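Engineer: First the structure, which I've put down as structure tokens, then a few questions once you've had a look.
The values are calculated or read from the model by the stated rules, or taken from the named source; none is laboratory data. Please read all numbers here as calculations on a predicted model, not as lab measurements. Positions of Cβ are generated from backbone atoms using ideal geometry, with glycine treated the same way; all protein chains shown enter the neighbour counts. In case anyone asks, the SASA skips ligands and DNA or RNA and just uses the protein heavy atoms, side chains included. Shrake-Rupley method; radii C 1.70, N 1.55, O 1.52, S 1.80 Å.
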Amino acid sequence: MKPVRFEEERNLAKDFLSNFADANGESKYMNILQDVANHKFRAVQIDLEDLINYKDLDEEFLRRVTENTRRYVGIFADAIDEVLPKPTEAFPDDDHDILMTQRSEDATENVEGSDVNQKMPSEIKRYFEVYIRAPSKGRPFTIREVKASNIGQLVKISGIVTRCSDVKPLMQVAVYTCEECGFEIYQEVTARVFMPLFECPTKRCKTNNTKGNLILQLRASKFLKFQEAKIQELAEHVPKGHIPRSMTVHFRGELTRKVAPGDVVELSGIFLPIPYTGFRAMRAGLVADTFLEAMSVTHFKKKYEEYELRGDEEKQIASLAEDGDIYNKLAQSLAPEIYGHEDIKKALLLLLVGAPHRKLKDGMKIRGDLHLCLMGDPGVAKSQLLKHIINVAPRGVYTTGKGSSGVGLTAAVQKDPVTNEMVLEGGALVLADMGICAIDEFDKMDESDRTAIHEVMEQQTVSIAKAGITTSLNARTAVLAAANPAWGRYDLRRTPAENINLPPALLSRFDLLWLILDRADMDSDLEMARHVVYVHQNKESPALGFTPLEPSILRAYISTARRLSPYVPKELEEYIATAYSGMRQEEAKSNTPHSYTTVRTLLSILRISAALARLRFSETVAQSDVDEALRLMQMSKFSLYSDDRQRSGLDAISDIYSILRDEAARANKMDVSYAHALNWISRKGYSEAQLKECLEEYASLNVWQIHPHTFDIRFIDA
């Protein structure tokens, strides 16, 4: 292996930066450097994919860049210093530019500046930062797979960010002035700690034998933004019986403030060792710690606000928006493997879309997030729906009722291991800010822990007064809860309030409380069994009549819809008010009310209507949106109303009539045999006596004729 000459390497880097052309034939890096020279941005990202595609480079150079990345960042920076073009646009001078012009003038006057410490380091002149980015192809390492053989190399890892420090300034070049000779002395800082200079090392001070006192000039020194984060393995990468490992990541310069706790990210960076400092060094002895110096950050799921549509996605969304049946298609694309639950999926889609937040002039806020509670018998796929929604949402946290305490949901006060100060650590609801928090087994939570959710659901903040910290954290979260009824299964002999067993204060905060009862119905049970067996065999859902949309397209569509903020027009105000007062009257007349209708219900109607208008990409709420919102509210208790219908005799008869009429219309016949009729209605849970009563009643109304012996039915064509 021939020795590496870094002079030649720099020439190779210069050649690459000057001559590399992208797909359009434009010189990519020279355009970036021109923007850097014009002070438009600081980061220069060198993609290894471009190095791979560059015609004149040998593979050895590429291998050396990936295996000795820290050194090559410096080589590329030196190359950029030489090929950086002159600025073409005027920009306002900041402190850095004024200091640099002053220093260059001083340097020309000071001829004897041959002293090593008086030489201005190249770092202090640079306005840019160099990052070498790993190719996007190839599987990222898990934290477990990064070993000693990777030290100093460029590695790509994926994980979830668990904690982030604040952004602090990190000294890169320390600048001193001497009290005796007045010269500026520069000291480069490469590690986390450094030993300051106390005596002036210039020739003049040494010749005069005066030990000049040095004063550190903070304003003239160069600092970098620095942030430390902890990244943890993803659950799917952890082997059986092991606990997830974590790694420290250092972000510098323009990469700071890119990640927040709870983000799932892919990082490329240099894997390096670092000795412990301070007291920890005494305890650790010869053991060193390792960290990753980040070079690029990629988010797996972008926030809705940061979503930038690619060209093909824009076309797809435009064609989807013109589709008249988009509402149903989007809803069916949510968890297509789960059979039925069409209306629940529509409600979950609206939960993802949400309504715009309203802020009044006096500072009062009206929330726009929808809250949804799924209450139902075991085995109706509640938890599966919750898990799927968390996968689709860009920011989602999944917890269970027994496994989380009130502190775990809101915020805990902990001691920071680095600074030993008391710091706030956000809980599940704070981590899910601007996202969705799914709480499974909601009914199993302790009463004291459940009260922590009350404030989050209406005021959308978490207020803390603990350990001398009094503050309020944002938790603009949509809560999606799943619970079982009080006795495990829904008991029809008891009132809905007894079955639901949640306090009215909490129930009124949910926009929709969905009761899912597991009823024995031969037709639907057969369909469902076929669906489940099909999914089990083929590992995909049966044909829906269209291709279900991918979660990425769903996210793109929803992010576009969330940019709109629809308003309710004047002509609909009276319609909504009448509908609300009608609901209140209905509840007042009922002996066993199914829900608590309060003013919050009215706000829920407005929120659901606004979410529906967003889905249509409309700026105004239409009457159809309000009707659909009212229908969803009605359908959420549908399984209860169907039970009420069976109890009252008259309703059963009209229900049997509608079943027979629908079946006859489907078969396109005017004659129905008694055996078929009995089969159809027995599947819906009605008796033969009720059927005979129905036949007599409608025969007297001349709707159909009945055969005197066989009881076959013939409809009279009106």
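Engineer: Considering only protein heavy atoms, what per residue accessible area in square angstrom results for the range 312-470 with a 1.4 angstrom probe?
Structural biologist: Here the per-residue accessible area is 44 Å².
Engineer: Quick one: of 345/387; 14/222; 14/55; 359/570; 387/539; 346/387, which pairs are farther than 22 Å apart, Cα to Cα?
Structural biologist: Result: 14/222 exceed 22 Å.
Engineer: Report the far tail of the P(r) of the range 426-503, meaning the percent of Cα-Cα pairs longer than 18 Å. Please list the in-between numbers first.
Structural biologist: Values: 1485 of 3003 pairs.
The answer is 49 percent, as a whole percent.
Engineer: Sticking with this one: Largest first, what is the accessible-area ranking of 263, 94 with a 1.4 Å probe? Let's see the in-between values first.
Structural biologist: Working: 263 15, 94 55 Å².
The most accessible residue leads, giving 94, 263.
Engineer: Compute the distance from the alpha-carbon center of the range 1-33 to that of the range 214-250, in whole Å.
Structural biologist: Measuring centre to centre over Cα atoms gives 30 Å.
Engineer: Computed over the Cα atoms of the range 161-253, what is the convex hull's projected area averaged over all directions, in nm²?
Structural biologist: Taking a quarter of the hull surface, the average projection is 8.2 nm².
Engineer: Share of the chain's accessible area from carbon and sulfur, percent, 1.4 Å? Kindly include the intermediate steps, with their values, before the conclusion.
Structural biologist: On the way: 20010 of 38380 Å².
Roughly 52 percent, rounded to a whole number.
Engineer: Protein chains only, probe 1.4 Å: how do 224, 701, 506 rank by accessible area, largest first?
Structural biologist: Largest accessible area first, the list is 701, 224, 506.
Engineer: Just one of (i) 103.4; (ii) 35.5; (iii) 45.0 is mean projected area of the Cα convex hull in nm² calculated from these coordinates, so which is it?
Structural biologist: For mean projected area of the Cα convex hull in nm², the calculated option is (iii).
Engineer: Net charge near residue 355, counting Lys/Arg +1 and Asp/Glu -1 over other residues with Cβ under 10 Å of its Cβ?
Structural biologist: Neighbourhood net charge equals +3.
Engineer: In Å and whole numbers, how far do the C-alpha atoms of the range 473-629 stretch along each principal axis, longest first?
Structural biologist: 53, 46, 39
Engineer: Next up: Could you bin all the Cα-Cα distances of the range 57-208 into 5 Å bins starting at 0 and give me the percent of pairs in each, rounded to whole numbers?
Structural biologist: So the P(r) values, bin by bin, are 1, 6, 11, 14, 15, 14, 12, 10, 8, 5, 2, 1, 0.
Engineer: Continuing with the same structure: Over the residues of the range 312-417, compute the C-alpha Rg and express it relative to 2.2 N^0.38 Å. Please list the in-between numbers first.
Structural biologist: Values: Rg = 18.0 Å, N = 106, 2.2 N^0.38 = 12.9 Å.
That ratio works out to 1.39.
Engineer: While we're looking at this one, here's another question. Step by step: find N for the range 246-285, compute 2.2 N^0.38 Å, then divide the Cα radius of gyration by it. What's the final number?
Structural biologist: 1.53
Engineer: Just to verify a number: FRET efficiency for residue 104 and residue 447, C-beta to C-beta distance, R0 = 56 Å, to 0.05?
Structural biologist: Rounded to the nearest 0.05, the efficiency is 0.20.
Engineer: To continue, here is another question. Please identify the GluC sites (Glu not before Pro) of the range 207-274 that satisfy two criteria: DSSP loop assignment and at most 11 other Cβ atoms within 10 Å. Which are they?
Structural biologist: none
Engineer: Using a 10 Å cut-off on Cβ atoms, rank the peptides 87-93, 498-504, 316-322, 583-589 from the highest mean neighbour count down.
Structural biologist: With the highest mean Cβ count within 10 Å placed first, the list reads 498-504, 316-322, 583-589, 87-93.
Engineer: Okay, moving on. Please get the size of the charge dipole for the chain, origin at its Cα centre, with Cβ charges of +1 on Lys and Arg and -1 on Asp and Glu, quoted in debye to the nearest 20. Mind showing how you got there, number by number?
Structural biologist: Numbers: 91 positive and 104 negative charges, 331 e Å.
Result for the chain is approximately 1580 debye, rounded to the nearest 20.
Engineer: Write out the chymotrypsin sites (Phe, Trp or Tyr not before Pro) in the range 173-213 meeting two conditions: DSSP loop, and at most 12 other Cβ atoms within 10 Å of their Cβ. If you can, show how the numbers build up before the last one.
Structural biologist: Working: sites: 176, 183, 186, 194, 198; in loops: 183, 194, 198.
Within the range 173-213, the qualifying chymotrypsin sites (Phe, Trp or Tyr not before Pro) (loop, at most 12 other Cβ atoms within 10 Å) are 194, 198.
Engineer: At q = 0.20, 0.25 Å⁻¹, what log₁₀ I(q)/I(0) does the range 1-94 have when each alpha carbon counts as one equal point scatterer in the Debye sum?
Structural biologist: -1.01, -1.44
Engineer: Helix 674-683 against the longest principal axis of the chain: what's the angle in degrees, Cα atoms only, rounded to the nearest 10?
Structural biologist: The answer is roughly 40 degrees.
Engineer: Also: So how tilted is helix 342-353 from the main axis of the chain? Cα-based, degrees 0 to 90, rounded to 10.
Structural biologist: For helix 342-353, the angle is close to 30 degrees.
Engineer: Then there's this: Which value in deg cm²/dmol, rounded to the nearest 500, describes the helix-derived mean residue ellipticity at 222 nm for the chain, given -39,500 (n - 2.57) per DSSP H run of n ≥ 4 and division by the residue count?
Structural biologist: -12000 deg cm²/dmol
Engineer: Okay, moving on. To the nearest 10 Å², what's residue 624's accessible area with a 1.4 Å probe?
Structural biologist: It works out to around 70 Å².
Engineer: Now a separate question. Residue 382: which aspartates and glutamates have alpha carbons under 16 Å from its alpha carbon, excluding same-chain residues fewer than 8 sequence positions away?
Structural biologist: Reachable aspartates and glutamates: 337, 342, 343, 440, 441, 443, 518.
Engineer: Could you work out how far helix 638-647 tilts from the main Cα principal axis of the chain, as a 0 to 90 degree angle to the nearest 10?
Structural biologist: Taking the Cα atoms of the chain, the angle to 638-647 is about 10 degrees.
Engineer: Still on this structure: Could you give the nm distance between label points at residue 286 and residue 94, where each point is 7 Å from its Cα heading toward the beta carbon?
Structural biologist: According to this spin-label approximation, the distance is 4.5 nm.
Engineer: Give me the accessible area of residue 242, 1.4 Å probe, in Å² rounded to the nearest 10.
Structural biologist: 100 Å²
Engineer: For a quick protection proxy, order the peptides 30-36, 359-365 by their average other-Cβ count within 10 Å, most packed first.
Structural biologist: In decreasing order of mean packing, 30-36, 359-365 become 30-36, 359-365.
Engineer: Considering only C-alpha atoms, what is the centroid distance from the range 147-208 to the range 540-580, in Å?
Structural biologist: After rounding, the separation between the Cα centres reads 54 Å.
Engineer: Could you tell me the relative contact order of the chain? Use alpha-carbon pairs under 8 Å, at least six residues apart, and round to a whole percent. Working shown, then result.
Structural biologist: Working: 1094 pairs, mean separation 65.2, N = 718.
9 percent.
Engineer: Further, regarding this structure: Work out the P(r) tail for the range 658-718: percent of alpha carbon pairs separated by more than 12 Å, whole number.
Structural biologist: Result for the distance tail: 67 percent.
Engineer: Looking at 205, 332, 13, which one has the Cα that reaches farthest to the positive end of the dipole of the chain (charges on Cβ: Lys, Arg +1; Asp, Glu -1)?
Structural biologist: Sorting the options by dipole projection puts first 205.
Engineer: Report the accessible area of residue 444, computed with a 1.4 Å probe over the heavy atoms of all protein chains in place, in Å² rounded to the nearest 10.
Structural biologist: Approximately 80 Å² of residue 444 is accessible to the 1.4 Å probe.
Engineer: Another question, if that's okay. Classify the range 148-191 as rounded, prolate or oblate from the Cα gyration tensor: take a ≥ b ≥ c as the square roots of its eigenvalues, call it rounded if a/c is under 1.5, otherwise prolate when a/b beats b/c and oblate if not.
Structural biologist: The shape class here is oblate.
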